[in-house]
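Peer 1: Right, I'll just put the structure down here and ask away after.
The values are calculated or read from the model by the stated rules, or taken from the named source; none is laboratory data. On a predicted model such as this, the values are computed, not experimentally measured, just so you know. Don't worry about glycine lacking a Cβ; one is built from the backbone with ideal geometry, like all the others, and counts go over all protein chains shown.
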Amino acid sequence: MYKVVFLDLDNTLFSFDNMYEKVSQQALQHVIGLNQLGISFDVFYDQFRSIADQLYFEVEKGQRSMDSYRDERWIRTFKSFQIPVDHDMMNQLNKFIISNYLEFVEPYEGAKEFLGLLQERYRVGLITNGAVDMQRAKLERMNMLPFFEEKLIVISEEVGVSKPDPGIFHSALTSAGISPTEAVHFGDSIHHDIKGANLVGMSSALIHTEVSDQQLPTYRFQDFFDATKGFLNER
């Protein structure tokens, strides 16, 4: 039935959430010192992540540049706690994160084994939001690039639209030379992955995520071990 299996990257092949929290904590410790915040890191990070997620939606919609996003997430978070921040401090924090985030990129258990089995039966592609250099660097860090057909690595910065916009999915299908019914897209996000795939008529597989809504996936898997059993062993 399927000729190509596409996968998302962040929070699908590895835990972006864990990476983001750990590198943010290290950045604050390195530049400021956690004991200088005056509040616990957990409280600070919850606010920081909430603000960063809101701002990133603006990046995806083309309403904000990545540089603006990187600065504004710190400005708003520090301001909410009435902590002074200057431009040099933000530059140091952003530079630390960009220079060190790859240290915290680790594949989910079973991810590489699943990709290896996929590669034996299907063409394998990637549909991901983000900057080209950062997304490819994550794949290289995890030694995952060989699993993907080069022309099927589709990254929003190159395409000019982000998931769930149908345009990025259509671009992937065009690169593969297939119809929507010949592909399935694996991802962790109801909004970005499941909604986007459904909009263009692709099958969709939700992984690592328990909660769903009206955007029903074709498949649902707890992890890659479950996906190996439920998706591959039935074919």
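Peer 1: Can you pull out every residue in segment 30-41 that is under 16 Å from Ile75 (Cα atoms) and part of a helix (DSSP H, G or I)?
Peer 2: Residue satisfying the conditions is Val31 alone.
Quick grid of which residues meet (1) part of a helix (DSSP H, G or I); (2) assigned by TED's automatic domain parsing to the domain that holds Phe114; (3) farther than 23 Å from Leu139 by Cα:
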residue: Ala27; (1), (2), (3): yes, no, no
residue: Val43; (1), (2), (3): yes, no, yes
residue: Asp46; (1), (2), (3): yes, no, yes
residue: Ser50; (1), (2), (3): yes, no, yes
residue: Arg70; (1), (2), (3): yes, no, no
residue: Val85; (1), (2), (3): no, no, yes
residue: Asp88; (1), (2), (3): yes, no, yes
residue: Asn91; (1), (2), (3): yes, no, yes
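Peer 1: If you don't mind, there's one more thing I want to ask. From the list Val154, Val124, exactly one residue is closer than 20 Å to Asp223 by Cα, modelled with pLDDT of 95 or more and not hydroxyl-bearing (Ser, Thr, Tyr). Which is it?
Peer 2: Val124
Peer 1: Right, here's the next one. Out of all the residues in segment 69-86, which are over 17 Å from Tyr20 (Cβ atoms) and touching a helix residue (DSSP H, G or I) at 6+ places or on another chain (Cβ under 8 Å)?
Peer 2: Those that are over 17 Å from Tyr20 (Cβ atoms) and touching a helix residue (DSSP H, G or I) at 6+ places or on another chain (Cβ under 8 Å): Ile75, Ser80, Phe81, Pro84, Val85.
Peer 1: Within segment 153-235, considering only strands (runs of 3 or more DSSP E) that don't extend past its boundaries, which have at least 2 residues that are buried (at least 16 other Cβ atoms within 10 Å of the Cβ) and within 17 Å of the chain's Cα centre (by Cα)?
Peer 2: By residue number, 153-155, 183-187, 203-207.
Peer 1: Would you be able to say whether some residue in segment 118-125 is on the phi > 0 side of the Ramachandran plot and under 17 Å from the mean Cα position of the chain (by Cα)?
Peer 2: No: zero hits.
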